[in-house]
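Working notes, structure below.
Read-outs: derived from the displayed coordinates by stated rules, not from any lab. Please read all numbers here as calculations on a predicted model, not as lab measurements. Ideal geometry is used to build each Cβ from the backbone, glycine not excepted, and the neighbour counts take in all protein chains shown.
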Ligand code: ADP
Ligand code: MG
């Protein structure tokens, strides 16, 4: 528990700092990108310009993830049916799953699981987790999504994959900013997700076994 507390304190401190920095970087970045686009329009060196633009995209992608960490104002929290949010995300992620020969199975067993939430943030969490699950199965496979309730009525959602899993010695590092094992990874998805779930008074847990797969469990207070 002490370890958990320490980690959660670190996460919120890092999160706020990161979001602040991301915010500061965004404006000059937009200006830079604008000038590169201008150079393109004026017929500058095409190779250099296309490299610069794709690097800008990467920086923007990282900044957008970091910006999600800034604490949402209380006013943004709304009652929402978690299944609606999940459904929207499944529509978004479906093509990517199909392209990667991944089938997503759902077991929805929670009635009408209303939660008090910032819809876009929860979507971001689910997208991050589905992307990780798909990326863990380069040859394709199955993802099992389950939504149920605990005895006290709180909502449990789990996302299980049959992918590469995570070696035991790396498990404690998950959620650390910039920890990634992927060539093109940002190592921010899980940190952002932990932060968001915490901001919703929820808990996110990861179980994983190498070569067997990974299960992410999210608990959220029911409305
Ligand atoms: P990224 O996906 O950009 O690497 P994340 O924060 O989303 O960053 O994930 C961090 C690391 O955790 C990944 O690089 C990977 O090693 C591991 N990981 C996360 N989810 C899974 C999963 N479902 N299966 C296997 N490994 C995972
Ligand atoms: Mg990821």
Of the beta bridges DSSP finds with both residues in region 76-223, what % are antiparallel, to the nearest 5? 80 percent
Average Cα contact separation per residue, region 9-69, under 8 Å, 6 or more apart, as relative contact order %: 57 percent
Between the helical axis of 82-99 and the dominant principal axis of the chain, each derived from Cα atoms, what acute angle in degrees is found, rounded to the nearest 10? 60 degrees
Rounded tilt (10° steps) of 119-135 against the dominant C-alpha axis of the chain: 90 degrees
Based on the mean of other beta carbon atoms within 10 Å per residue, what is the order of 44-55, 17-28, most packed first? 17-28, 44-55
Computed over region 96-201, the relative contact order (Cα-Cα under 8 Å, seq sep at least six) in percent reads 28 percent
Based on DSSP H runs of at least 4 residues, each adding -39500 (n - 2.57), what is the mean residue ellipticity at 222 nm of the chain after dividing by all its residues, to the nearest 500 deg cm²/dmol? -17000 deg cm²/dmol
How tilted is helix 2-41 with respect to the longest principal axis of the chain? Cα atoms for both, answer in degrees (0 to 90, nearest 10). 30 degrees
Only Cα pairs under 8 Å and at least 6 apart count here; give the relative contact order of the chain as a rounded whole percent. 19 percent
